[in-house]
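See below for the structure under consideration.
The values are calculated or read from the model by the stated rules, or taken from the named source; none is laboratory data. If you're wondering where the values come from, they're calculated on a predicted model, not measured in any experiment. Every residue, glycine among them, receives a Cβ derived from its backbone with ideal geometry; neighbour counts consider all protein chains shown. What goes into the accessible areas is simple: the full protein's heavy atoms, side chains included, and nothing from ligands, DNA or RNA. Shrake-Rupley method; radii C 1.70, N 1.55, O 1.52, S 1.80 Å.
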Amino acid sequence: MIQQDHLQIFDLTLNVWAPLFIGNGGSYTKKEYLYNTRSGKVSFLDEQKFFTFLAKRGLIDRYTQFMLSEQSNLWAFLTKDCGVSDAELKTLTRYQIEVGDALDAEHSLKEIHAFQRDAQGRAYIPGSSIKGALRTAWLLQAVLADQSTGHSLAPRRATFPEENYVNKLRLRTLKDGSTASDAVNSIFRGIQVSDSLPIPDNCMMLAGKTDSATDGGTHSINLCRECAAPGTAIRFKLTLDQSVLKGRITKESLLEAIQQFDAYYEQTYSTHFTPPRGAVNLPQQPHLILGGGSGFFAKSLAYPYLGEKEGLRWTAEQMAQMFRKHGHERDIEKGVSPHTMKYARFRGRVYPYGYCGVNIL
């Protein structure tokens, strides 16, 4: 830790235990990337260089025909049909990552959901993603410590009233003297998390998406995601401004909140599921769950706020409203809602998405 007056600056390391997906909202269709079956790598094109190359080689018309055809493997089209060498293709790509078993060239390729990258094309995780996960863990601890009763949420489009727990600073008040419910009074003003250092492309991979039911049965989804691979360490700077926090949030209290989040998630949610065949055994250490695929439970505080029984009923109603054909009206009978966990498939094993250990030094 570095102490600068009221600022405490820590190194925060996210240890990726399971494929971690932080999406940028974009995706690549089947015809927009190169899957080299010999190397087991998928490459993403520099579009400007690629189209300049097609024009110089007189391949624009053939490429147009490819895009309109049922053929979907761009690498096979360029190397086999057009005679372009792998060495030439390498000069046209921005980066490449490991495919694992997420793609199968013998069958239809899949849409790839893209990871967050900076202006230089380097993968990274925004600090807001980590701050959001820490906020959820801290709020869960605060809600569980709240001894008041009778909490309720409206049946539709209700939001958890987190302002009751975080807007404690009284830096701005209303005319009646009450604390204004806005970001000015949020205690989380005292926490800053930097964007991560770049993640090397050799630490990135593709992972398929599989839904697993409570009995361990699985259903694969026809898409895959660009993810940080298990075993990757991702580094951030965490700054605690004690002129704002005044000891109410510390390194130790954040680590305790992560541990409590982990225990509550296991006891209330994941214990209802039988691990699917091929599920990897993750470290038995406190962790956060974040990113795409981590699921509703990892991001919602309805269960701790309402209590397990009422939280189950309310969540089942929400799921049934949002996903009318997925049988969520039976979630109460199953004792858990949502009734599926999201798994990533990689190298023949399946991992629950987004499990990460956290070190703060």
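Worth a mention:
- For the chain, taking Cα atoms only, Rg and Dmax work out to 23.4, 76 Å respectively.
- Inter-label distance, nm, simple model (7 Å from Cα along the C-beta direction), E266/S69: 5.4
- Surrounding net charge for S27, when Lys and Arg each add one and Asp and Glu each subtract one, Cβ distance under 14 Å: +3
- Heavy-atom accessible area with a 1.4 Å probe sorts L223, L109, largest first, into L223, L109.
- The chain, relative contact order in percent, only Cα pairs under 8 angstrom and at least six apart counted: 28
- Relative contact order, whole percent, for the stretch 246-357 stands at 32, derived from Cα pairs under 8 Å and 6 or more residues apart.
- D331, D5, reordered so the largest accessible area comes first (probe 1.4 Å): D5, D331
- Accessible area per residue, Å², the stretch 81-152 with all protein chains present, probe 1.4 Å: 47
- In degrees, nearest ten, helix 251-268 long axis to first principal axis of the chain (Cα): 80
- Nearest 10 degrees, 0 to 90: helix 47-57 Cα axis against the chain principal axis: 0
- Accessible area (Å², per residue) of the stretch 226-331, counting only protein heavy atoms and a probe of 1.4 Å: 48
- Folded to 0 to 90 degrees: helix 308-322 orientation relative to the chain principal axis, Cα: 40
- Carbon/sulfur fraction of accessible area - the chain, other protein chains in place, 1.4 Å, %: 49
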